Amino acid sequence: MKADGFDSIGANVADHAEVWTQFAYSVYEKLHLQEGMRVLEVGCGSGAFLFPAYQRGIDVVGLDYSESLLRIAEKAMPKGSFEVGEANDLTKFKSGPGMRVLE
């Protein structure tokens, strides 16, 4: 997958969807993510890592510099929130006790 000059390692995620989903769930368990909580992924790309959380009713927020990848994420997760930006600008995101941040 090429987007804005970035060759994504995650381009083949669909080929390994079951393993990827199991990995994501194991990370979410370690973070104690539950329905109604919020997770922000810095560098979310197309949202492949956020999607399993979205399916579980977790409020997903993604930040990436690639507009084209964020459009893919928005299509897959219409109730999610996605912003174009860089990791050094996290001040626009409200944090709280129910929020987890991934990078």
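The values are calculated or read from the model by the stated rules, or taken from the named source; none is laboratory data. What you see is a predicted model, and the numbers here were worked out from it, not measured in a lab. Because the Cβ atoms are built from the backbone with ideal geometry, glycine has one as well, and the counts that use them run over all protein chains shown.
Residues in segment 34-69 that are among the aliphatic types (A, V, I, L, M) and surrounded by fewer than 23 Cβ atoms within 10 Å (Cβ to Cβ) were compared, and the one that is farthest from F93 (Cα to Cα) is A48.
Out of the residues in segment 79-103 that are exposed (fewer than 14 other Cβ atoms within 10 Å of the Cβ) and among the polar types (S, T, N, Q), state the one that is modelled with the highest pLDDT. My answer is N88.
Just wondering, is there one or more residues in segment 59-72 that are assigned to a loop (DSSP other than H, G, I, E, B) and at pLDDT below 90? Within segment 59-72, not a single residue is assigned to a loop (DSSP other than H, G, I, E, B) and at pLDDT below 90.
Only residues that are of a type in the set (A, V, I, L, M, F, W, C) and touching a residue at least 60 places away in the same chain (Cβ under 8 Å) were counted in segment 21-54, giving 7.
Scanning segment 35-62 for residues that are touching a strand residue (DSSP E or B) at 6+ places or on another chain (Cβ under 6 Å) and acidic (D, E), we see that the one that is farthest from E86 (Cα to Cα) is D59. Within segment 86-103, residues that are on the phi < 0 side of the Ramachandran plot sit with their Cβ atoms under 8 Å from residues that are at pLDDT below 70 and loosely packed, with under 14 Cβ neighbours inside 10 Å, at 6+ positions apart or across chains, in these pairs: A87/E103; V101/S95.
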